[in-house]
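Okay, structure first, notes after.
The values are calculated or read from the model by the stated rules, or taken from the named source; none is laboratory data. For clarity, every value in this text was computed on a predicted model and none was experimentally measured. Because the Cβ atoms are built from the backbone with ideal geometry, glycine has one as well, and the counts that use them run over all protein chains shown. Side chains are part of the model used for accessible areas, which takes the heavy atoms of the whole protein and leaves out ligands, DNA and RNA. Shrake-Rupley method; radii C 1.70, N 1.55, O 1.52, S 1.80 Å.
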Amino acid sequence: MPGRPAGAPRRAVVRVAQRRQRPSSGGSRSRARAELDQRLRCLSMRHGVIEADTVKSSCSTLLPMPSDAPADLYSLAFTCSVDPLLLLDGSGRILTLNAAAERLSSTPAATALGRPVDEVLRPDAPLGALLDQVLRDRAPRALPPDFTLHLANERVVLAEGSLSPLVDPAGACAAVLLALRDVAEQRRAERAACEQGARLRAAVEALDVGFVIYDAEERLRYFNTAYKSLYPECADALQMGNTFEDVVREGCRHGIHLHSGLGEEEWVAARLAEHRRPGDVFVRRFGDRWITLKSGRLPDGSVVGLRIDTTALKEAELALERERQFIRLVLDTIPIVVTVKDRDGKMKLVSKSYAELYNTTAEDAVGKTVDDLPRSHAELSVIGEMDREVLARMQPVSRVHPVTRPNSKTRWMSVVKVPLVEQDGTAHILAIGTDITAQREHEEHMTATIAELERQKQAIAGQLAVIQRQQALIRALSTPILQVAEGVLAVPLIGALDDARAADVTSKLLDEVVRTGARFAIIDVTGIESVDAATADHLVRIVRAIRLLGASGVLTGIGPAVAQSMCGIGVDLSGVTTHGNLRAGIEVCLRALPGRR
């Protein structure tokens, strides 16, 4: 056999250390030992001496044992190993193999012994070159990667293992141990794990949220593209192995902290404190972005974090807050009472005017019911009745009722309640109340005033009736119609002749002309101090009206001042008989009567 020292004696036995026979726990172990001993004896007869130390070295890689363990334990380890083991000679022929190797190759030991190992195992790459290297270097060599065996029954096995020389104390290589392990399942599992890892990385990379892992020493171990895009100020420091503090300080160098009003050290300390409290959720502003930070600690101390860009959500939240503050401003400014209650009567929204009505605040009133506020029994009854009616009819309801304040003063309120229905059908009650106390007091004052005015009106009406009677009497006395002779009437006018008096004089005089059948009607203006255009027009109209009844109208008593006024305003008295005084006018009229000539 190659490798045996020159002149080494060939012996026909294998020297194995003497050992005390121990009772066997079963026949299988005895059979295994006997089989191994038989194979080793065959090996010794064909290839010379194999010392006990050689047997130990051939099995030492299979099972850790004390260095002074007896050789039969190594033989047992070779036989019972779950990994396939084959002993080869220098030409690559099989000297012996264990049961695991028989199962792997599907070849009984009797058939495999003496056959080339390449013929039995049919590897992709023959073992000859590797075997020569092992024999030359007296050192073990690992099998090539992806060492594939094409076994019987068209079975393909992916194996890994090694070739180890069995060198005795004299330096002779007695045999080569081929140790194999079927790693097909292991490789499949590794590939599956690799594929799963790739899918996981692809899934993390596809996320639109930032994902990052820092180890227990706060060093960056993994991050996806979304994480990097959320922190452009920190991009240069996002390198594997950099610490979390390195990343934060890089952001400070690019002004990521300026919006906060904190100095760089304060900002770094705050971010480190948050990083070291995994499990908490933070919403932080970074430049013009709002980011939600959530993290958790792994069993090995690493911290895994999610970073979500919630800028749009935060801006919407801020917009809603501005709207809420605006609504609050409106409710605190308007001088009317506004409340919104749920179906159970709990306040959800109240105006400042409502809160002040009961000496409380809007914040304290929210969440309470009307029973929690100081009200009278009658007031509570009206409120409850209106609420039930609104919810039952789902229509507006209005009432005017008194409200008793904590100081026992009463305010009158005009209240309108309407149903508010959300999209999901939830119903609320909106109440709008106006303090009409001043209006009501004004109305009461106006009612009293109107009553007093009515009383005064009735008194004035009585006085007016007296005055009217007096005026009628005065008019009758101031414009008497005198029948001075048969067929002659005389009307002395005293004072001013306005439209009303002219109409009254004309009406009475014409009636009297008709009644008496007078031929002449004398209008004496001696008592009129001045005549304007209107007065002159009235006189002319009276005379013309008398003429239409077939009588003659005569003007008397025109003095110098009146004559000048009438000429000055251009009064046309053509066709009107005039005399200087009443006496002359009567005489002329009497002479003109038939039988008086």
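Would you please give the residues with an amide H less than 5 Å from that of Thr556, counting only those at least 5 places away or on a separate chain, with H modeled from the backbone geometry?
Ile523, Asp524, Val525, His579
Given Cα pairs under 8 Å that are at least 6 residues apart, what percent is the relative contact order of the stretch 207-315?
Relative CO of the stretch 207-315 lands at 28 percent.
Normalise the Debye intensity by I(0) for the stretch 476-592, one equal point scatterer per Cα, no solvent, then take log10 at q = 0.11, 0.12 Å⁻¹ and round to two decimals.
-0.30, -0.36
Of Lys368/Lys409; Lys368/Lys417; Lys314/Lys417; Lys294/Lys314; Lys228/Lys314, which ones are farther than 26 Å apart at the Cα?
On the way: Lys368/Lys409 23 Å; Lys368/Lys417 18 Å; Lys314/Lys417 35 Å; Lys294/Lys314 16 Å; Lys228/Lys314 21 Å.
Too far apart for the 26 Å limit: Lys314/Lys417.
How large is the convex hull of the C-alpha atoms of the stretch 334-436 per residue, in Å³?
Normalising the Cα hull of the stretch 334-436 by residue number yields 94 Å³.
Take the alpha carbon gyration tensor of the stretch 207-315, find the square roots of its eigenvalues, order them as a ≥ b ≥ c, and report rounded if a/c is under 1.5; if not, report prolate when a/b exceeds b/c, else oblate.
On the way: a/c = 1.40, a/b = 1.21, b/c = 1.16.
In terms of gyration-tensor shape, rounded.
At 1.4 Å probe size, with no ligands or nucleic acids counted, give the accessible surface of Tyr358 in Å², nearest ten.
Rounded to the nearest 10, the figure is 10 Å².
Mind grabbing the accessible area of Asp332 for me, 1.4 Å probe, Å², rounded to tens?
60 Å²
Would you calculate the separation in nanometres between label points at Ala216 and Lys508, each defined as 7 Å from the Cα along the Cα-to-beta-carbon direction?
In this crude spin-label approximation the distance works out to 13.2 nm.
Among Phe223, Phe244, what's the order by accessible area (1.4 angstrom probe), most exposed first?
Phe223, Phe244
Could you tell me which of rounded, prolate or oblate describes the stretch 526-596, using a ≥ b ≥ c as the square roots of the eigenvalues of the alpha-carbon gyration tensor, with rounded for a/c under 1.5 and, failing that, prolate when a/b is larger than b/c and oblate otherwise?
oblate
State the extension gain, in nm to one decimal, for the chain segment bounded by Gln423 and Thr578, taking 0.36 nm per residue of separation less the distance between their alpha-carbons.
So the extension gain works out to 46.0 nm.
Using a 1.4 Å probe and counting only protein heavy atoms, arrange Asp300, Asp246 so the residue with the most accessible area comes first.
Highest to lowest solvent-accessible surface, that is Asp300, Asp246.
With equal scatterers on the alpha carbons only and no solvent term, can you work out the Debye log10 of I(q)/I(0) for the stretch 280-364 at 0.13, 0.17, 0.23 1/Å?
Each listed q maps to, in turn, -0.66, -0.79, -1.03.
Residue separation times 0.36 nm, minus the C-alpha to C-alpha distance between Ser106 and Ala392: what's the value?
Computed gain between Ser106 and Ala392 is 94.1 nm.
Kindly sort Asp372, Asp387 by accessible area of their heavy atoms, largest first, with the probe set to 1.4 Å.
The most accessible residue leads, giving Asp372, Asp387.
Excluding Glu321 itself, calculate the net charge of residues whose Cβ lies under 14 Å from the Cβ of Glu321, where each Lys or Arg counts +1 and each Asp or Glu counts -1. Could the numbers behind the result be given before it?
Details: positive: Lys314, Arg322, Arg324, Arg328; negative: Glu315, Glu317, Glu323.
Summing Lys and Arg as +1 and Asp and Glu as -1 gives +1.
Of Val366, Met413, Leu349, which is farthest along the charge dipole of the stretch 334-436 in the positive direction, counting Lys and Arg as +1 and Asp and Glu as -1 at C-beta?
Of the options given, the answer is Met413.
Pop out the carbon and sulfur fraction of the accessible area of the stretch 74-188 as a percent, whole number, probe 1.4 Å.
Ligands and nucleic acids excluded, carbon and sulfur give 53 percent.
How far is it, in nm, from the label point at Ala125 to the one at Ser162 when both lie 7 Å from their Cα along the line to the Cβ?
For Ala125 paired with Ser162, the spin-label model returns 1.7 nm.
Could I have the simple spin-label model distance between Arg399 and Thr369, label points 7 Å from Cα toward Cβ, reported in nm to one decimal?
In this crude spin-label approximation the distance works out to 1.6 nm.
Length gain on complete extension for the stretch Ala269 to Arg440, per 0.36 nm per residue less the alpha carbon to alpha carbon distance?
Gain on extension, Ala269 to Arg440, equals 55.0 nm.
For the stretch 163-259, which GluC sites (Glu not before Pro) are in a loop by DSSP, counting at most 12 other Cβ atoms within 10 Å? If you can, show how the numbers build up before the last one.
Values: sites: Glu185, Glu190, Glu195, Glu205, Glu217, Glu218, Glu233, Glu245, Glu250; in loops: Glu217, Glu218.
The qualifying sites are Glu217.
Would you please state which residues of the stretch 359-373 a label at Ile327 would reach in this model, taking the label point 7 Å out along Cα→Cβ and a backbone N cut-off of under 17 Å?
Output list for this probe position: 362-368.
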